[in-house]
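Here the structure comes first, spelled out in structure tokens, and everything after it is commentary.
The values are calculated or read from the model by the stated rules, or taken from the named source; none is laboratory data. It should be emphasised that the depicted structure is a prediction, and the values quoted were computed from it without experimental measurement. Counting neighbours? That spans all protein chains shown, and the Cβs are built from the backbone with ideal geometry, glycine included. Just so you know, the surface numbers come from the protein's heavy atoms only, side chains and all, with ligands and any DNA or RNA stripped out. Shrake-Rupley method; radii C 1.70, N 1.55, O 1.52, S 1.80 Å.
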Amino acid sequence: CICGLTQTQRELSKMSLFAKGKDDALEEDQLVLHTESLEHSRTESMQSEDPVSDEEAVVPVDVPYAKCRWDFFLSHKQSNAQDAVQNLRLALSERFLGASFWLDIEQDPTVKGMCHGVSNSRNVLIFLTEGISDSKFCQMEMRWALEANRNLILVMETDDRHGKPNMEELIHRCPDDLKAIFTQNEIIPWFRDPEFRFVSVDKILKSCADDPRRNASNRKAAKPLVYGKGGDSEEGAEVFDRSFVIFTAMCGVALPGAGPKTKCWAVAVRIILLTCGMMCCSRLLTPEGPAFLDYLTIIQIVAAHPMIFLLLHVMLVLLRSDLIADLLENHIDCPSEGKKLRFKTKLLTGLVALLTTTLSLWGWVGYLPGFFHPYYLTSGNGLVVYGIAHGLTWILILPIFFGSFFAALMIMFTLQELCNMALLTAYNELNSELEHEGLEAVVKRGDGINVTDHDLYRFEVKYAKSWELYKKIQSHTAMPLFVFWFIELGLVIWSVWSMAQGAQSDVNDWRVPHLKSYWNLVVRLSWFVGGSPWFGAGCWITALLPWGSIYYAWRMNNLSKRLIFKNPTTRHAFRSFLAEFALEFRVSFLQATPKGLLLFVPILVVNTLGFVFDALRLFNSI
């Protein structure tokens, strides 16, 4: 905002400087000369511009909070506020780490450039000094701020030597359409004394615009989870693809944003799961008939119920937490990765739907002929109710059982993808090309990018915050994995014993007569070999899912290595910074690293082989 210094103002400034001392006078002289040079260059660039006509030529835009380029637009009168605004900027930067500022001496000082700056700033800070309401450029900036719905912060100079304004006169001289700015907003006094200045900065930071999505966590229960802006709709892109939402709803999993019917069905499913677990326990008391194979398979099913319940509960609670709301609302703006996530979700939803259907049909063949066998239906006693109740329950529960299990694993996978997207979003701070095209596209193009020290600093702040959220999310998802691995470790003793028995037939095994008498039990045994949550495919999927983070760590490292900087020194600092952050899943003893596979995979192999050896002994016996 430019207003020329008159000769009288210069002389008054010099007179006040002699009272302060020669050192202060020299510093102020340099400031005046610097201001004069800025005014001269600014005047030359705008000699042909009419502020009024130019104001009509440009139109401010209400840019969403997440898309704003700067945190503060510093509107001031250069003739008496230049030094104060610079000091204010330094003070804010000390308290607001990574804050970005639009300042005319650093940006495009044209009318178009100023309008762009106002539109793309989250806060417009107006530094009030004598004569600011007379400045045509300051008036334009105020009008743009109103039209673009920017958050206004008014800060007033309190030193008479530096242009302390008379507020009554300032408002009186202000155009009528702008007077409301001064009457409807709190005016924060700016003190130069360090102790009082701290209070001023604190009040300024409290007056900053709140992310309108930050308070959306209370609305998430009624709306689907979304991230970023400019995705599928003005409110952002939905995290979960529609196909996955339908799949989970059918399985009784109420994702955030689910309707009343889905929520009621989810409650019913929990009751069904609890009932099924209790009914499975009752089968331990009836070791006869075509529905009974052995105690080991029953214990597997009984133990799987609370395990799936715990896994799903932890994932759903995490999805509704402020932690995920913060991640989605403030840390993800990565459209290219969002499209990949939707594709992966569709593909995996189709795969888990196929697995759920296959395992359910396989399980029905192994269980239903036993429960609906004449042994129970024609017994004439309580066994009739036992057979029918268990049969109907298994018809209903198997798709829900496997669907809930795979849905929980899919949510865990999606959270890993979202954390990766948050880390990639931090790269947007390095250069505008990365923001518009994405990291992978810029790397493939092979062109160097300009990255300033301030860009690198903002990247470091953003990346560190996203990484911190990533680690917190890992900690929350780790609990059911801990329980799973403790159980797996406990099964090693039995598995080693089973392998020691060999795979040869054992006709003395008491299960052999049952298998020879009822064909469905043979199918059931094969079903456990393929789909057991403790020995089969379900076990391996659950166990190795955390190791998927190795892929993300490798991909991030590979892309950052191939990213070309025009400044080699900045690139070295960039690479050194990234080396400090481990991206693998690491929580307590569960270290999902390549070396960690050497410890954990043998446990899975031993348990799987133990159960396979047990099944082979039975198959060879019949």
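Given the conditions (1) open to solvent by 30 Å² or more (accessible area, probe 1.4 Å); (2) closer than 26 Å to GLY490 by Cα; (3) free of Cβ contacts under 8 Å to residues at least 60 places away in the same chain, report the number of the one that LEU545 does not fulfil.
(3)
Filter segment 442-461 for residues that are touching an Asp or Glu at 6+ places or on another chain (Cβ under 9 Å) and assigned to a helix (DSSP H, G or I) and give the result.
Hits for segment 442-461 are VAL442, ARG445, ASP455, LEU456, TYR457, ARG458, PHE459, GLU460, VAL461.
Which helices (runs of 4 or more DSSP H) does segment 68-183 wholly contain that include 2 or more residues that are more than 26 Å from PHE459 (Cβ to Cβ) and open to solvent by less than 30 Å² (accessible area, probe 1.4 Å)?
Passing ranges, in order: 78-95, 111-119, 136-147.
Suppose the filter is within 30 Å of LEU597 (Cα to Cα) and either within 28 Å of the chain's Cα centre (by Cα) or among the aliphatic types (A, V, I, L, M) (or both); does LYS444 pass it? Spell out how you get there, then give the answer.
Details: within 30 Å of LEU597 (Cα to Cα): no; either within 28 Å of the chain's Cα centre (by Cα) or among the aliphatic types (A, V, I, L, M) (or both): yes.
Considered against the rule, which asks whether it is within 30 Å of LEU597 (Cα to Cα) and either within 28 Å of the chain's Cα centre (by Cα) or among the aliphatic types (A, V, I, L, M) (or both), LYS444 comes out as no.
Of the residues that sit in segment 452-506 and are of a type in the set (Ser, Thr, Tyr) and surrounded by 14 or more Cβ atoms within 10 Å (Cβ to Cβ), which one is farthest from LEU296 (Cα to Cα)? Can you show your working first?
Applying the first criterion (of a type in the set (Ser, Thr, Tyr)) to segment 452-506 yields 452, 457, 463, 466, 470, 475, 477, 495, 498, 505.
Now restrict to residues that are surrounded by 14 or more Cβ atoms within 10 Å (Cβ to Cβ): 457, 463, 466, 470, 477, 495, 498, 505.
Working: TYR457: 58, TYR463: 48, SER466: 45, TYR470: 38, THR477: 28, SER495: 12, SER498: 13, SER505: 19 Å.
The residue in question is TYR457.
Among the residues of segment 589-604, is there at least one that is open to solvent by less than 50 Å² (accessible area, probe 1.4 Å), of a type outside the set (Val, Ile, Thr) and part of a strand (DSSP E or B)? Working first, answer last.
Start the filter on segment 589-604 by keeping residues that are open to solvent by less than 50 Å² (accessible area, probe 1.4 Å), which leaves 590, 592-593, 596, 600-601, 603-604.
If we keep only those that are of a type outside the set (Val, Ile, Thr) as well, we get 590, 592, 596, 600, 604.
This time we only want the ones that are part of a strand (DSSP E or B), so: 590, 592.
So far as segment 589-604 goes, yes, one or more of its residues are open to solvent by less than 50 Å² (accessible area, probe 1.4 Å), of a type outside the set (Val, Ile, Thr) and part of a strand (DSSP E or B).
Restricting attention to segment 184-201, and to residues there that are open to solvent by 30 Å² or more (accessible area, probe 1.4 Å) and at pLDDT 90 or above, which single residue is nearest to VAL59 (Cα to Cα)? If you could, list the steps in order and put the result at the bottom.
Filtering segment 184-201 for residues open to solvent by 30 Å² or more (accessible area, probe 1.4 Å) gives 184-187, 189, 191-199.
Applying the additional criterion that residues be at pLDDT 90 or above yields 187, 189.
On the way: ILE187: 27, PRO189: 31 Å.
Looking at residues that are open to solvent by 30 Å² or more (accessible area, probe 1.4 Å) and at pLDDT 90 or above, I get ILE187.
Scan segment 225-247 and report the pairs whose first residue is more than 22 Å from LEU409 (Cα to Cα) and whose second residue is modelled with pLDDT of 65 or more and part of a strand (DSSP E or B), with Cβ atoms within less than 7 Å and a gap of 6+ or a chain change.
Cβ pairs passing all conditions: GLY228/ALA237; GLY231/ALA237; ASP232/GLU238; GLU235/VAL226; GLY236/VAL226; GLY236/TYR227.
If you check MET479 against the conditions, is it touching a Phe, Trp or Tyr at 6+ places or on another chain (Cβ under 9 Å) and assigned to a helix (DSSP H, G or I)?
On the way: touching a Phe, Trp or Tyr at 6+ places or on another chain (Cβ under 9 Å): no; assigned to a helix (DSSP H, G or I): yes.
Against the criterion (touching a Phe, Trp or Tyr at 6+ places or on another chain (Cβ under 9 Å) and assigned to a helix (DSSP H, G or I)), MET479 does not qualify.
Using the structure shown, decide if ASN166 is touching a strand residue (DSSP E or B) at 6+ places or on another chain (Cβ under 8 Å) and of a type in the set (S, T, N, Q). Outline the logic, then answer.
On the way: touching a strand residue (DSSP E or B) at 6+ places or on another chain (Cβ under 8 Å): no; of a type in the set (S, T, N, Q): yes.
Answer is no for this residue.
PRO306 passes all but one of (1) open to solvent by 30 Å² or more (accessible area, probe 1.4 Å); (2) under 25 Å from the mean Cα position of the chain (by Cα); which number fails?
All conditions are met except number (2).
Give the residue that is farthest from LEU351 (Cα to Cα), with candidates limited to residues of segment 507-541 that are without any contact (Cβ under 8 Å) to a residue 40 or more places away in the chain and not in a helix (DSSP H, G or I).
ASN508
Run LEU92 past the list (1) within 22 Å of LYS164 (Cβ to Cβ); (2) among the hydrophobic types (A, V, I, L, M, F, W, C); (3) in contact with a Gly (Cβ under 7 Å, 6 or more places away or on another chain) and report the number of the one that doesn't hold.
Among (1) within 22 Å of LYS164 (Cβ to Cβ); (2) among the hydrophobic types (A, V, I, L, M, F, W, C); (3) in contact with a Gly (Cβ under 7 Å, 6 or more places away or on another chain), the lone unmet condition for LEU92 is (3).
Taking segment 322-349 as the region of interest, how many residues are of a type in the set (A, V, I, L, M) and not in a helix (DSSP H, G or I)? Before you say what the answer is, go through the steps one by one.
Initial filter on segment 322-349 (of a type in the set (A, V, I, L, M)): 323-325, 327-328, 332, 341, 347-348.
Next cut, not in a helix (DSSP H, G or I) only: 332.
The qualifying residues number 1.
Would you point out the residue of segment 416-441, among those that are among the polar types (S, T, N, Q) and closer than 26 Å to GLY548 by Cα, that is farthest from the chain's Cα centre (by Cα)?
First, the residues of segment 416-441 that are among the polar types (S, T, N, Q): 416, 420, 425, 428, 431-432.
Now restrict to residues that are closer than 26 Å to GLY548 by Cα: 416, 420, 425, 428.
On the way: GLN416: 9, ASN420: 8, THR425: 10, ASN428: 15 Å.
By that ranking, first place goes to ASN428.
All but one of (1) touching a Leu at 6+ places or on another chain (Cβ under 9 Å); (2) within 25 Å of GLY370 (Cα to Cα); (3) open to solvent by less than 30 Å² (accessible area, probe 1.4 Å) hold for TYR295; state the number of the condition that does not hold.
The number of the failed condition is (3).
Tell me, yes or no, whether segment 568-582 has at least one residue that is at pLDDT 90 or above, open to solvent by 20 Å² or more (accessible area, probe 1.4 Å), part of a loop (DSSP other than H, G, I, E, B) and in contact with a helix residue (DSSP H, G or I) (Cβ under 7 Å, 6 or more places away or on another chain).
yes
Condition (residue is open to solvent by 10 Å² or more (accessible area, probe 1.4 Å), out of contact with any Lys or Arg (no Cβ under 6 Å at 6 or more places or on another chain), of a type in the set (Lys, Arg) and more than 25 Å from VAL483 (Cβ to Cβ)) applied to segment 316-323: is it met by at least one residue?
no
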